[in-house]
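Take a look at the structure set out below.
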Amino acid sequence: EYGTPYAKYEIKGKVQNEAKQPLKGMRVIVKENPPAASSYYSGRKDTLYTKDTGEYAFKDGYAWPRMGYRIICEDPAGVYKADSVDVEMKPEGGEGNWYEGSDSKTVDFELKKKEK
């Protein structure tokens, strides 16, 4: 039987300032951590922007499931300091020979203003 292992992942969250106000238009970069050894999959990443509510959502369902991601949140306007976090994914509930399951994580950011 031929196939490729895969899993489904979701990383979602909210970006706000220190006053707990949602921040719109913040750039959220999701990339493999560590990068895949295969040159085909190495360096995969996605860039998202927060909505009016400060929320973002990333979904990944690629083959050769990754077990970790680095989430980087930055302000394209440069008003707020960037922040990042590493997330380890542990898929559960897999069925059959190739599907390894799914995992979902919530990653919220509270950005601080840059000092002038």
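The values are calculated or read from the model by the stated rules, or taken from the named source; none is laboratory data. Worth saying up front: this structure is predicted, and the values here are computed from it rather than measured. Note: accessible area is taken over every heavy atom of the protein model, side chains too, but ligands, DNA and RNA are not part of it. Shrake-Rupley method; radii C 1.70, N 1.55, O 1.52, S 1.80 Å.
Before moving on, here are some points about what is shown:
- Partner aspartates and glutamates for Lys51 [C-alpha distance under 19 Å; skip if fewer than 8 residues away on the same chain]: Glu10, Glu18, Glu74, Asp75, Asp83, Asp108, Glu110
- Distant-in-sequence amide H partners of Met89 (H built 1.01 Å from N, under 5 Å): Gly68, Tyr69
- For the chain, the relative contact order is 37 percent, taking Cα pairs closer than 8 Å that sit 6 or more residues apart in sequence and dividing their mean separation by the residue count.
- Each DSSP beta bridge with both residues in the chain is either parallel or antiparallel, and the antiparallel ones are about 75%.
- Quotient of C-alpha Rg and 2.2 N^0.38 Å, computed over the chain: 1.19
- Accessible area of the chain belonging to carbon and sulfur atoms, whole % at 1.4 Å probe: 46 percent
- Segment Lys51-Lys113, length gained on full extension (0.36 nm per residue, minus Cα span): 20.4 nm
- Residue-wise HN-Hα coupling along region 106-116, computed from phi with Karplus coefficients 6.51, -1.76, 1.60 (Hz; x: Gly, Pro): 10, 10, 9, 10, 10, 8, 9, 5, 5, 7, 8
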